[in-house]
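The values are calculated or read from the model by the stated rules, or taken from the named source; none is laboratory data. Remember, it's a predicted structure, so these values are computed and weren't measured experimentally. Note that we place each Cβ from the backbone using ideal geometry, even for glycine, and neighbour counts take in every protein chain shown.
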Amino acid sequence: MRFLNMKVITVIILSIVLLIGAFIAFYQLVLNDIMEAQLKDIKIAPLKERVSSKDSLNSYGLSDAEKDEIWNNIDNYEYVIYIFEIKNTSSWLAYSVHHRVQPQFSESTKKLQVKNEKQLLFPQNLPPGESYKTSLSAIIKTDNQLSGQEILDIVSKDRFTITGGREVWVIPFGDESITVGPFQKNQ
């Protein structure tokens, strides 16, 4: 009888140790950083090529007066689009979700910038091993004094903090942030 009790206690202790080990392994897999982000490209174009009407400026949160100013002097404005690739590096289980961006514009860009969008274009929830490209755009005022290369040199100094959450079976496990930039053409 005593031998049987020792066997049961040993099985219980081993089960608890294995359960704790599995729990620790699960948390290590889930809590590791699973998101990678890169600033893949920056494109610059005259704003008049990207905007077909004054209402097209609504996504920038401009006042009516600002929209009128831009629309009436559209040749003085450029459209800058920052293109990002976000990747979920988790090998299994954890989703990377709710991606957000916080721009950290250089002083040179701040002097030219009128407005930028407040969120990434079509953020997605990424299953393990998947990636997607997304973008953030800005309007800058150049008064036709800067060439496309000069504008690219200025906006290439900008940085962006991209934040995304981790989820397993719709249960959130915190956020992680990555700062990308400045842009280098040979990435």
Those residues that are buried (at least 20 other Cβ atoms within 10 Å of the Cβ) and either polar (S, T, N, Q) or in a loop (DSSP other than H, G, I, E, B) (or both), I need them from the stretch 153-187; list them, please.
158, 181, 183
Checking the structure you have, find out if any residue of the stretch 94-112 is closer than 20 Å to residue 176 by Cβ, in contact with a helix residue (DSSP H, G or I) (Cβ under 7 Å, 6 or more places away or on another chain) and in contact (Cβ under 8 Å) with a residue 40 or more places away in the chain.
yes
Would you please name the residue that is farthest from residue 132 (Cα to Cα), looking only at residues in the stretch 49-88 that are of a type in the set (S, T, N, Q) and buried (at least 16 other Cβ atoms within 10 Å of the Cβ)?
76
Being at pLDDT 80 or above and either assigned to a loop (DSSP other than H, G, I, E, B) or touching a Ser or Thr at 6+ places or on another chain (Cβ under 8 Å) (or both) is the requirement here; does residue 139 meet it?
no
Within the stretch 54-84, track down each residue that is of a type in the set (Ser, Thr, Tyr), free of Cβ contacts under 8 Å to residues at least 12 places away in the same chain and either touching a Gly at 6+ places or on another chain (Cβ under 6 Å) or not in a helix (DSSP H, G or I) (or both).
63
Given the structure, is residue 147 out of contact with any strand residue (DSSP E or B) (no Cβ under 9 Å at 6 or more places or on another chain), modelled with pLDDT of 85 or more and of a type in the set (Ser, Thr, Tyr)?
no
Residue in the stretch 126-136 that is within 26 Å of residue 60 (Cβ to Cβ), among the aromatic types (Phe, Trp, Tyr) and not in a loop (DSSP other than H, G, I, E, B) present:
yes
Would it be correct to say that residue 101 is over 30 Å from residue 23 (Cβ atoms), at pLDDT 85 or above and within 16 Å of the chain's Cα centre (by Cα)?
yes
